[in-house]
1. Taking into account only those residues within region 62-79 that are part of a helix (DSSP H, G or I) and without any contact (Cβ under 8 Å) to a residue 40 or more places away in the chain, which is nearest to Leu307 (Cα to Cα)?
2. Would you mind stating whether Ile153 is closer than 18 Å to Cys385 by Cα and crowded, with 22+ Cβ neighbours inside 10 Å?
3. Hey, among the residues in region 144-198 that are charged (D, E, K, R) and over 17 Å from Gly127 (Cβ atoms), which one's farthest from the chain's Cα centre (by Cα)?
4. Would a scan of region 141-152 turn up a residue that is among the aromatic types (Phe, Trp, Tyr), closer than 27 Å to Tyr270 by Cβ and assigned to a helix (DSSP H, G or I)?
5. Would you check if Ile110 is in a helix (DSSP H, G or I) and under 19 Å from Met267 (Cβ atoms)?
6. Let me spell it out: the conditions are (1) closer than 20 Å to Ala225 by Cα; (2) touching a residue at least 60 places away in the same chain (Cβ under 8 Å), and Gly92 meets all of them except one. Which number is the exception?
7. From the list Lys328, Lys352, which residue is out of contact with any strand residue (DSSP E or B) (no Cβ under 8 Å at 6 or more places or on another chain) and not assigned by TED's automatic domain parsing to the domain that holds Met174?
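The values are calculated or read from the model by the stated rules, or taken from the named source; none is laboratory data. The model shown is predicted, which means the values in this text are computed figures rather than measured ones. Glycine also receives a Cβ, built like all others from the backbone with ideal geometry; neighbour counts cover every protein chain displayed.
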Amino acid sequence: MTTAAKRLARESHLADVREIGAGFDVQKVRRDFPILRRRVGDRNLVYLDNAATSQKPQAVIDAISQYYELDNANIHRGVHFLSERATEEYEGARKKVQLFLNAADASEIIFVRGATEAINLVAQTHGRTNLRAGDEVLISAMEHHSNIVPWQILCEEKGARLRVVPISDSGELMLEEFGRLMGPRTKIVAITHVSNALGTIVPVQRIIEMAHRENIPVLVDGAQAVPHLKVDVQAVDSDFYVFSGHKVYGSTGIGVLYGKSALLNAMPPYQGGGDMISSVTFEKTTYNKLPYKFEAGTPHMAGAIGLGAAIEYVNGLGMDNIAAHEHKLLAYATETVSAIPGIRLIGTAKEKAGVLSFLLDSIHPHDIGTILDQEGIAIRTGHHCAQPVMQRFGIAATARASFALYNTREEVDALVEGIQKVREVFA
């Protein structure tokens with residue numbers, strides 16, 4: 001196939017995606033994901049582990065493949081055709097992310113390896129610069145380890161204190177306690193947008209408003225939010241917002257740090273090397289402008305381009321359509337799974353997205369997951385990199401089904417049948 005033909009085919013596929021956006025057709029959507037046709041033994045795959053990573057549509061696979069087949073070259077430094085072409089695609093992906101988050105400028109979008117690296121970057125630059133002994137970092141009790149450990153490291157180094165906002169029995173953030181814990185020593189708030197272990201949607205706009213009244217910056221971990229919710233960083237006035245590409249139908253190894261330009265400009269570089277410099281002598285290095293100051297070395301070009309294609313795909317479907325479909329699916333799953341004798345749901349907040357965590361009698365979650373796997377059903381079992389959440393509910397682990405735009409009611413029914421089989425095995 002010629003270069004022109006490949007590009008025409010991709011444009012045609014994206015046109016089909018945009019047509020779906022006019023009326024969400026989950027069966028048509030499923031045809032865009034090759035892996036969903038895979039068999040697990042003699043069973044059809046039922047993939048309900050989307051909070052760990054999502055599957056990839058053909059448009060993303062094609063975009064990554066096309067880059068390696070047609071445009072592979074290092075970016076920014078070359079004057080030849082392939083380098084210029086790769087640079088154009090890479091920077092085009094940055095622009096797509098900017099529009100996806102409604103950032104004020106593309107220079108506020110930093111490409112990193114994932115949400116984890118983005119949080120570490122902020123902790124080790126903004127945090128290290130602004131935190132002193134006796135200061136405080138405020139997080140919540142429902143954070144992923146990636147939004148706990150970097151702040152612990154920083155607090156230990158600086159002699160600062162990590163403070164934790166508690167959550168209710170339903171898994172909701174206790175806003176009154178947030179207001180009580182926030183004070184003159186609080187230097188940054190770092191909060192999840194959606195809990196990976198509970199599915200709770202956190203009222204981040206309210207939190208940001210409260211923090212900004214005290215001139216406290218806020219980092220929002222959006223890894224579990226961007227696949228399910230429309231995010232507008234200017235509307236919520238977030239200072240930093242992070243997410244991972246592989247959660248939103250892109251590839252692994254690529255992620256995004258959004259930061260307000262004033263904050264990013266004030267932060268020292270996170271890593272040294274190529275592309276983050278303007279000039280280097282043995283006496284002094286002058287750093288590059290945003291966003292390149294934070295992108296040392298050869299970046300994950302294919303990953304960024306694939307993320308751009310994933311964002312195009314999601315935009316084509318329409319985030320409102322996706323959210324409506326997933327909301328109905330989660331409501332159906334909550335109703336049908338909770339009706340099973342012996343089920344205990346962990347995380348029953350009024351506002352949730354995409355996650356159903358549960359226990360079944362005294363059966364270990366790993367046993368639940370193993371038996372479901374024999375039925376072709378993929379879920380996650382364990383503490384979900386959120387051990388403090390498990391401790392809050394007095395448990396070691398949960399079984400977690402997590403949903404995406406391609407999941408169906410029939411797959412929820414298969415999950416229910418699978419859980420019933422688990423009950424029979426352990427009867």
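1. Applying the first criterion (part of a helix (DSSP H, G or I)) to region 62-79 yields 62-71.
Subsequent filtering for residues that are without any contact (Cβ under 8 Å) to a residue 40 or more places away in the chain retains 65, 71.
Values: Ser65: 13, Asp71: 16 Å.
In this case the residue turns out to be Ser65.
2. no
3. Here is the first cut: in region 144-198, the ones charged (D, E, K, R) are 156-158, 161, 163, 169, 172, 176-177, 180, 185, 187.
Subset that is over 17 Å from Gly127 (Cβ atoms): 169, 172, 176-177, 180.
Values: Asp169: 25, Glu172: 20, Glu176: 27, Glu177: 26, Arg180: 29 Å.
Here the answer is Arg180.
4. Yes, region 141-152 contains a residue that is among the aromatic types (Phe, Trp, Tyr), closer than 27 Å to Tyr270 by Cβ and assigned to a helix (DSSP H, G or I).
5. In short, no.
6. So the condition that Gly92 fails would be (1).
7. Of the residues listed, the single one that is out of contact with any strand residue (DSSP E or B) (no Cβ under 8 Å at 6 or more places or on another chain) and not assigned by TED's automatic domain parsing to the domain that holds Met174 is Lys328.
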